[in-house]
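The values are calculated or read from the model by the stated rules, or taken from the named source; none is laboratory data. None of these values were measured; they are calculated from a predicted model. Cβ placement follows ideal geometry from the backbone for every residue including glycine, while neighbour counts extend to all protein chains displayed.
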Amino acid sequence: TIGEKADEIGLSKEKIKKDFLQKLFYQLGRVPAVTTSNDLYTALALTVRDRVLRQFVRSTEEFSKKNSRGIAYFSAEYLPGPHLGNNLLNLEIVDETREALKELDLELDEIIEQEVEPGLGNGGLGRLASCYMDSLATLGIPAIGYGIRYEFGIFKQEIKEGWQSEATDKWLHYGNPWEVIRPEVSYVVKFGGRTIHSTNENNKYAVEWEPESEVVGTAYDTPVLGYQSNGIIMRLWKAEATESFDFSVYNMGDYYKAVEKKVRSENITKVLYPNDENLSGKELRLRQQYFFVSCSLQDMIRLNFVQGRKLEEFHEKFAIQLNDTHPSIAVAELMRLLVDEHEMEWKQAWKITRNTFAYTNHTLLPEALEKWSVSLMGRLLPRHLEIIYEINSRFLHELREKGLSGEQIARMSLIDEHGEPSVRMAHLATVGSFRVNGVSQLHSRLLKTQVLNDFAEIWPDKFTNVTNGVAHRRFLAVSNPGLSRLITEKIGNGWLTDLTTLKRLEKFADDEIFQKQWMEVKLENKKLLSQLLEERAGVKIDPTMLFDVQVKRIHEYKRQHLMLLHILDLYLKIKDGKGENIAPSAFIFAGKAAPGYFMAKLIIRLVTAVADLVNNDKDVNKILKVAFLPNFSVKQAQRVYPAADLSEQISMAGKEASGTGNMKFALNGALTIGTLDGANVEIREEVGEENFFLFGQTTEEVQETRRLGYRPSKYYEEQEDLERVLDFLVSGELGNGDHELFRPLYNNLLQQDPYQLLKDFKSYCERKHEIHQIWKDQKEWTRRSILNVSRVGKFSSDRSILEYCQNIWNVEPVKLRD
Ligand code: 26W
């Protein structure tokens, strides 16, 4: 029977309870009467991990039987979010576990709360990698995610006197029950030194790399479970010294040297760089990139041999997806391994390399396109620099034969000769890959016509698009149980594996009873977020207000300050007694600023200043509230999206590659106000233009504005409202009477305004006005909310991964059944 089966594989309530108590006793040395919350969490996590590992082992067996092409996802960042709740959902044992704990007088949700998530990424790119892991597992693709096990992840953000302050993220402090250490899976990685070129005894040209130092990388595996059965692993590398303590040392001096060496080696995986934009010349960052790439490629070559394959078949056995250029040194490293270590001919090695890699670009921002100075690369990776030069000279030769102009060839070269010579990593990745993709239709088009235009012209078929998607099981099923239940009641639970079935909700959009239930769920979610905001931001918010939300990394191009200018405009109107058309609104912000990014930190300071002003003004605070939720993370995100009414996606057109928060909001029933940027374009196409609040210039208009010589002060001079709001920034009424506090922002907007806020301000305010009128008609708002959810089926990461399978990797899902 089903019950017996569940019992046998540990999925029954009884089995879960028994194992939980055993873990508590035997692994933690505790009995229920004396436990800390962390003991309870750890015992439950270990109980669940056993079940996850079982699925993983079975999938691995299944995959190796099929012997299909395996996918290695190379990413310097992952943001898996809390594991426990997600794994319970995927194992389909949420209720059983809740019951089992209840019998022990314990509350599942409280235990889930205890988890500290791995913050091993900055934002969109890292979270996307984890969404893809979820879908790869669910779809049964033989895949492995390679990355770095940072000891300290993205900093913990605190707000002190209105400013962001950073604290270390000690995510491993309480231990990590989800990972399995594999001490036997470890590789040596070399750095520095010199190369020796010679002709060996067989008269073969050979290069030897005599490094200055070495470190060892050890694998830490975290199983990632897909929905209902499959499991894959995320394999993260930790750096250690080659011999941690050399006991053969003869004197104390040597002993201390050995200790120092150990410390220096372990530095490599100490900390994640908290930048998601320019990061020039940081040697440790290049060390991190090379370290994880080298371990991963050595691991794959070992697997290739274990499976009895020839190295010549490497590209048939594997495809490697490069998550941005961060791992792109892999192109040179694979060449080195094949040519130098395995004595393969250059031509054959190059063919294998070019048929192994595919590259995803995630940004058009010029300052975020990675470059490494030739001198740094030569010092740290002397052999790789030679290989890059060789790849380049052959490539440029090809271009000359094609008859390209000198100018064009210089533009395409892997080496940038302007100023300090440097290696253009995006060019290396493009030349070394069989496919290059952008992450939304608009972004892929801009990639082809602008940033990588020269390459697209010679290799049109290399370029393609895969629009991003999100793990809807995490961002709807796990994080919004109320809405999930309501949806499942109406259309069944098929949406868990096929999000497009949400379409079936469409016919209930006008159903008044359904609308009422829909509103009730949203209100419950808003109450929960209100509680959180009261605890964490000290702001009391009436849950019936319009929740108008912008959560994402703080960046000028994302224009959090455009939203702030509008809030100040509303504030001033209310003060003038002209607030009658304003819908009571709570403006909610969250997001981290790179620690060295002054403008972004000043924008956070402006949020807290506006919050102080608005929340403490008796004339205003019945109508407006402003809150900054500190330390945005996957965990926080899961509480924010379900409670949002309005999603702010207001970047300057042409700057946001895709955005993925936009999808998470829409999936949870928020309407969007947005520009025609990134995936907003496709969201609008799906939900219908009448259900999307569009404003601002298009990418082409933005570029035209710039070409004609943009003068932001013109808008200041022409628009009274705008003038008043901008002047208010330096009036002393914000930030405890300090006139100068926001002067840099004021000057920047009036003098340069690189992201054209002033130009888009008017159309943004007009749209907001319209939104406030529609909000007053709650039925109409709810109808649109239902339509939004029913039409965003496209944005599941399952769909994205299937496109990668078909258009890039050429693999088919291996479905595993119980
Ligand atoms: C050099 C340091 C650095 C670190 C990270 C530069 C750039 C990055 C990332 C590429 C920034 C990032 O997360 N990009 C975002 O990727 C998402 C997933 O594709 C997109 O949805 C976002 O639009 C894009 O900004």
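Of all residues being free of Cβ contacts under 8 Å to residues at least 60 places away in the same chain, crowded, with 16+ Cβ neighbours inside 10 Å and not basic (K, R) in the range 29-59, which is nearest to V293 (Cα to Cα)? Just the residue, please.
Per the stated criteria, the residue is V48.
Yes or no: the range 285-292 includes at least one residue that is assigned by TED's automatic domain parsing to the domain that holds V215, among the aliphatic types (A, V, I, L, M) and either under 19 Å from T242 (Cβ atoms) or out of contact with any Leu (no Cβ under 7 Å at 6 or more places or on another chain) (or both). Full working, then the answer.
Start the filter on the range 285-292 by keeping residues that are assigned by TED's automatic domain parsing to the domain that holds V215, which leaves 285-292.
Those left that are additionally among the aliphatic types (A, V, I, L, M): 286.
Narrowing the set further to residues that are either under 19 Å from T242 (Cβ atoms) or out of contact with any Leu (no Cβ under 7 Å at 6 or more places or on another chain) (or both) leaves none.
No, the range 285-292 has no match at all.
This table checks each residue for (1) away from the ligand (no atom under 16 Å from the Cβ); (2) within 18 Å of I144 (Cβ to Cβ); (3) touching a residue at least 40 places away in the same chain (Cβ under 8 Å).
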residue: Q307; (1), (2), (3): yes, yes, yes
residue: E333; (1), (2), (3): yes, yes, yes
residue: E341; (1), (2), (3): yes, no, no
residue: W350; (1), (2), (3): yes, no, yes
residue: T360; (1), (2), (3): no, yes, yes
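Exactly one of these conditions fails for K15: (1) in contact (Cβ under 8 Å) with a residue 24 or more places away in the chain; (2) assigned to a helix (DSSP H, G or I); (3) touching an Asp or Glu at 6+ places or on another chain (Cβ under 6 Å). Give me its number.
Every condition holds for K15 apart from (1).
Applying the selection to the range 458-501, what residues are under 25 Å from L365 (Cβ atoms), without any contact (Cβ under 8 Å) to a residue 24 or more places away in the chain and in a helix (DSSP H, G or I)? Let's see the steps before the verdict.
In the first step, residues of the range 458-501 are kept if they are under 25 Å from L365 (Cβ atoms); the result is 458-460, 462-470.
After this cut, where a residue has to be without any contact (Cβ under 8 Å) to a residue 24 or more places away in the chain as well, the list is 459-460.
Scanning the range 458-501 gives a single hit, P460.
Please note which helices (runs of 4 or more DSSP H) are completely contained in the range 289-398 and include at least 1 residues that are surrounded by fewer than 19 Cβ atoms within 10 Å (Cβ to Cβ) and among the hydrophobic types (A, V, I, L, M, F, W, C).
On the way: elements: 314-317, 330-336, 346-354, 374-380.
Correct list: 346-354, 374-380.
Sort out which residues of the range 351-394 are within 19 Å of T464 (Cα to Cα), modelled with pLDDT of 95 or more and of a type in the set (A, V, I, L, M, F, W, C), and write them in order of number.
Correct list: F357, A358.
Just name the residue that is modelled with the lowest pLDDT out of those in the range 244-283 that are of a type in the set (G, A, S) and away from the ligand (no atom under 16 Å from the Cβ).
Within the range 244-283, the first condition is being of a type in the set (G, A, S), and the residues that meet it are 244, 248, 253, 258, 265, 280-281.
Now restrict to residues that are away from the ligand (no atom under 16 Å from the Cβ): 244, 248, 253, 258, 265.
Working: S244: 51, S248: 58, G253: 72, A258: 78, S265: 89.
By that ranking, first place goes to S244.
When you check Y205 against the structure, is it at pLDDT 95 or above, surrounded by fewer than 17 Cβ atoms within 10 Å (Cβ to Cβ) and of a type in the set (S, T, Y), yes or no? Walk me through how you get there before you give the answer.
On the way: at pLDDT 95 or above: no; surrounded by fewer than 17 Cβ atoms within 10 Å (Cβ to Cβ): yes; of a type in the set (S, T, Y): yes.
So Y205 does not fit the description; no.
Looking only at the range 695-730, count every residue that is of a type in the set (A, V, I, L, M) and on the phi > 0 side of the Ramachandran plot and tell me the total. Break it down stepwise before answering.
Kept after step one, since they are of a type in the set (A, V, I, L, M), are these residues of the range 695-730: 702, 708, 722, 725-726, 729-730.
Those still in the list that are on the phi > 0 side of the Ramachandran plot too: none.
Residues in the range 695-730 being of a type in the set (A, V, I, L, M) and on the phi > 0 side of the Ramachandran plot: 0 in total.
To keep it simple, each residue is scored yes or no on (1) in contact (Cβ under 8 Å) with a residue 60 or more places away in the chain; (2) within 21 Å of K462 (Cα to Cα).
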position: I409; (1), (2): no, yes
position: G419; (1), (2): no, no
position: S422; (1), (2): no, no
position: A429; (1), (2): yes, yes
position: S440; (1), (2): yes, yes
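Yes or no: G85 of a type outside the set (V, I, T), more than 16 Å from the ligand (Cβ to nearest atom) and buried (at least 23 other Cβ atoms within 10 Å of the Cβ)? Break it down into steps so the answer makes sense when it comes.
Details: of a type outside the set (V, I, T): yes; more than 16 Å from the ligand (Cβ to nearest atom): yes; buried (at least 23 other Cβ atoms within 10 Å of the Cβ): yes.
Judged against the criteria, G85 is a match.
Looking only at the range 256-288, how many residues end up being outside any helix (DSSP H, G or I) and under 30 Å from G70 (Cα atoms)?
As a first pass, look at the range 256-288 and keep what is outside any helix (DSSP H, G or I): 270-282.
After this cut, where a residue has to be under 30 Å from G70 (Cα atoms) as well, the list is 270-273, 276.
Residues flagged as outside any helix (DSSP H, G or I) and under 30 Å from G70 (Cα atoms) within the range 256-288 amount to 5.
Tell me, which helices (runs of 4 or more DSSP H) lie completely within the range 89-198 with 2 or more residues that are within 16 Å of the ligand (Cβ to nearest atom), closer than 30 Å to P274 by Cα and modelled with pLDDT of 95 or more?
Values: elements: 94-102, 108-113, 124-139.
Answer list for the range 89-198: 124-139.
Can you tell which of P543, P595 is farther than 27 Å from Y715 by Cα, surrounded by fewer than 22 Cβ atoms within 10 Å (Cβ to Cβ) and touching a Lys or Arg at 6+ places or on another chain (Cβ under 6 Å)? Step through it out loud before you land on a result.
On the way: P595 fails: touching a Lys or Arg at 6+ places or on another chain (Cβ under 6 Å).
The unique qualifying residue is P543.
Looking at the range 579-694, what strands (runs of 3 or more DSSP E) fall wholly within it and have at least 2 residues that are away from the ligand (no atom under 16 Å from the Cβ) and at negative phi? Talk me through it step by step, then tell me what you get.
Working: elements: 585-590, 624-628, 646-649, 671-674.
By residue number, 585-590, 624-628, 671-674.
Give the residue, chosen from K507, K503, K516, K552, that is under 25 Å from G688 (Cβ atoms), crowded, with 20+ Cβ neighbours inside 10 Å and of a type in the set (D, E, K, R).
K552
Checking I71 against (1) modelled with pLDDT of 95 or more; (2) more than 16 Å from the ligand (Cβ to nearest atom); (3) assigned to a helix (DSSP H, G or I), which single condition isn't satisfied?
Exception for I71: condition (3).
From the list F455, F434, exactly one residue is part of a helix (DSSP H, G or I) and assigned by TED's automatic domain parsing to the domain that holds S413. Which is it? Spell out the reasoning first.
Details: F434 fails: part of a helix (DSSP H, G or I).
None of the other options fit; the residue is F455.
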